[in-house]
Amino acid sequence: MVKHRKLAGVSAPGRHRLLTETVIALVLGAIAIAAIMSCVHTFLPDGKKYPYIPEVNQTGLSLTAAHSGGPDDTPAARISSIPVLSYHQMDNGCAPAASQCATAGFSRDSVTQRQFYDQMSWLYSHGYRTVTSAQYVTWATGGQATLPAKPVLLTVDDGIANFYGGATPVLRNFGFTMVSMVVSGFAQGAQDGARQYKGWDASWGQLANLPGETWEFAFHSGPQGLS
């Protein structure tokens, strides 16, 4: 048996009005929550976690191909050499830190997304497939492992955000992986919002949310920052 508590000092019409207002408030609250969640999904692409680095496509090409990474079927002892390609920056318009583009070394150390795509396309069409840092170390130290017949190690130095935004969809397009050599001082500066790093270097949070099937990380040593 359910007993209804009477609201002291509230008449029957008053109780009815209070109940109606409560129901309306609950409905409006549910609508507000739904609207907020809809906005969140509008601004966050599928599968993304905040904070993230927006991917860009300035190649004029579709980057949705599902190229195979290829089999790892060659004993490491039969591989005589593994080329290592190192990158620094990608010119995607340089926003939001356009002043950096005026530095003397920018054009020397940067590639456009289309240049990067063409280079990855050349590697793929000539039979090269990427290896991880662990596979590379195993090979370099004489360990036993199976590798692609034509392995290549892709790396990028420093942790500059514009490179991840342009490189991620290109790497995914070819089924490639890449090792990011992060300067911890740069990543921490971006995380803390320091003026010389924010908007240029990737923060720890942004790095953590990069796709794990594409990116792995190591620390960059040297005088450029803490490592």
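To keep it simple, each residue is scored yes or no on (1) within 21 Å of LEU61 (Cβ to Cβ); (2) hydrophobic (A, V, I, L, M, F, W, C); (3) touching a Ser or Thr at 6+ places or on another chain (Cβ under 7 Å).
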residue: LEU154; (1), (2), (3): yes, yes, yes
residue: ALA161; (1), (2), (3): no, yes, no
residue: PHE176; (1), (2), (3): yes, yes, yes
residue: MET181; (1), (2), (3): no, yes, yes
residue: GLY185; (1), (2), (3): no, no, no
residue: TYR197; (1), (2), (3): no, no, no
residue: TRP200; (1), (2), (3): no, yes, no
residue: GLN206; (1), (2), (3): no, no, no
residue: ASN209; (1), (2), (3): no, no, no
Notebook entry, point to check: VAL137 fails exactly one of the following numbered conditions: (1) under 30 Å from ASP73 (Cβ atoms); (2) of a type in the set (A, V, I, L, M, F, W, C); (3) touching a strand residue (DSSP E or B) at 6+ places or on another chain (Cβ under 6 Å). What is the number of that condition?
Noted result: (3)
Margin query: I'd like to check which helices (runs of 4 or more DSSP H) are fully inside the range 93-158 and have at least 3 residues that are buried (at least 16 other Cβ atoms within 10 Å of the Cβ) and modelled with pLDDT of 90 or more.
Written below: 113-125, 133-140
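The values are calculated or read from the model by the stated rules, or taken from the named source; none is laboratory data. Keep in mind it's a predicted model, so treat the numbers as computed, not measured. Quick reminder, even Gly has a Cβ in these numbers, built from the backbone with ideal geometry, and neighbours come from all protein chains shown.
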